[in-house]
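See below for the structure under consideration.
The values are calculated or read from the model by the stated rules, or taken from the named source; none is laboratory data. What you see is a predicted model; the values in this text were computed from it and never measured. Virtual Cβ from ideal backbone geometry, glycine too; neighbours counted across all protein chains shown. These accessible areas exclude ligands, DNA and RNA; they are computed on the full protein's heavy atoms, side chains included. Shrake-Rupley method; radii C 1.70, N 1.55, O 1.52, S 1.80 Å.
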Amino acid sequence: MDLCNKLYKSIYKEIFNYNIIYYIIMNKVELQDTIRKICAPGKGILAADESTGTLAKRFASIKLENTHANRIAYRDLLFTTPNLDKYISGVITYEETLFDKSSDNILLIQPLIDADIVVGIKVDMGVKPLYGTDDETVTQGLDDLDVRCKKYYKAGARFAKWRAVLKVDVEKHLPSDLAVHENAVTLARYASICQNNGLVPIVEPEILMDGTHTSIQARDATINVLSVVYRELLRHHVDMSCTLLKPNMVRPGVSSSEKLDCAKLAEHTIFAFQHTIPVNMPGVVFLSGGMSEVEATMALNEINKYDATKPWRLTFSYGRALQASVLDTWKGNLENKNAAQEMLFKRAEANGLASNGKYVNELIDNHSLHEKDYVY
Ligand code: 13P
């Protein structure tokens, strides 16, 4: 099948040496198939794409050294979790992991491919200062992105992620128009490069939950950011039907006097989406943004229970909210591997149910996972 696909692709490239026709005929079919798999009912994405630096912080919390061997052991634990495919349809990897092998000399991603879990890759290279602004940032990594996409596709990746970071400070008028514009243009350039190289782009304009803003202010900021992002995606000829959106949920800032209320969060989030997201954009895969594991699950559940026009699949692409308890259980100790995998399965199950609005509240630890100015 793969060989046939390759043959057709090269024939079509010869006959139609024209990008748009080539994209429509060949790429689109495969991109749609990737999206269909990722958006399967009751499933979501495990974001396991922490950079080496971020994983160092995670490991430090369990007093584990950030060696290559430990990173392999941890990712291998995640990817070989029994029955992971029941609730997980895609996994975002970091470049190192895509090419890593386990101690049995098997690619770390092989168990995912065998279970028909779609492999994704973080393709951005972190944020840089946007000089002239009040500590705002823009994401880097566009140079040679096409070359990297081809390499990642060959290695088995079928979708990509690019995280743009924006912050709300009402008094300072943040996010500034400049930061919103620069990040939207960069996301659009990234999305168009990915689509033309066989990868479904996950467009991630994250508005941080740091700050004192209210949920209404967060809602307005989200509407502003998403509307500019979608304008730029259109301007860059991105095929909206072959993208996914990874946004923040709309909630008050962590230092706000307003308390988090998941029912309100659902209402504001859907309001913001109804005003900005095209109906042919197939799926929203939320980030957890530093909410506790249970908060992130409850919020997703409320969003799915909320009765309104919602023409998109609404599911999860969580990092911290799927892995915090897993790390705490594992502690870098082989003896704890099974228990840690059971923990991952449990969190995936809870979020899978929430993605259908069917989650029943658990009585477990609910501590915040928020870190100021979080980098991934
Ligand atoms: P969190 O769920 O920890 O916010 O991470 C998701 C992610 O992929 C951020 O880019």
* Structure fact -> Given 4 °C, 1.567 mPa s and a Kirkwood radius over Cα pairs, the Stokes-Einstein diffusion coefficient of the range 224-271 in µm²/s is 101
* Report the label-to-label distance for Asn336 and Lys63 in nanometres (one decimal), using points 7 Å from each Cα along the Cα→Cβ vector. => 1.1
* Using 7 Å Cα-to-Cβ label points, what is the Asp143/Asn83 separation (nm, one decimal)? -> 4.9
* Summarise the long-distance tail of P(r) for the chain by giving the % of C-alpha pairs beyond 40 Å. => 10
* Structure fact -> By the mean-Cβ-within-10 Å protection proxy, highest first, 323-329, 95-101 rank as 323-329, 95-101
* Heavy-atom accessible area per residue - the chain, 1.4 Å, Å² -> 44
* Of Ile72, Ile117, Ile62, which is the most mobile in a GNM of the chain whose springs link Cα atoms less than 10 angstrom apart? -> Ile62
* Take the Cα pairs of the range 18-110, get the Kirkwood Rh, then feed it into Stokes-Einstein at 20 °C and 1.002 mPa s and tell me D in µm²/s. => 140
* Can you give the FRET efficiency for Lys172 and Lys28, using 1/(1 + (r/R0)^6), R0 = 41 Å, r = Cβ-Cβ distance, to the nearest 0.05? -> 0.45
* To do: Would you please calculate the Kirkwood hydrodynamic radius of the range 244-376 over all C-alpha pairs and express it in Å, rounded to one decimal?
  => 15.5
* Structure fact -> Amide H neighbours of Arg313 at under 5 Å, excluding residues fewer than 5 places away on the same chain, with H built from the backbone geometry, are Gly283, Val284
* Structure fact -> Per-residue ellipticity at 222 nm attributable to helices in the chain (runs of n ≥ 4 DSSP H, -39500 (n - 2.57) apiece, nearest 500 deg cm²/dmol) works out to -13500 deg cm²/dmol
* **Reachable lysines, given that their alpha-carbon falls under 22 Å from the alpha-carbon of Lys264 and they are not under 8 places away in the same chain** => Lys167, Lys246, Lys305, Lys310, Lys358
* Structure fact -> On the formula 1/(1 + (r/R0)^6), with r taken between the Cβ atoms of Gln274 and Lys150 and R0 of 45 Å, the FRET efficiency rounded to 0.05 is 0.75
* Would you please report the Å³ per residue occupied by the convex hull of the alpha carbon atoms in the range 33-178? => 164
* What part of the accessible area of the chain, given as a whole %, is carbon or sulfur when the probe is 1.4 angstrom? -> 53
* Kindly state, to the nearest 0.05, the FRET efficiency for Ala56 paired with Asp135, given R0 = 22 Å and r defined as their beta-carbon distance. => 0.40
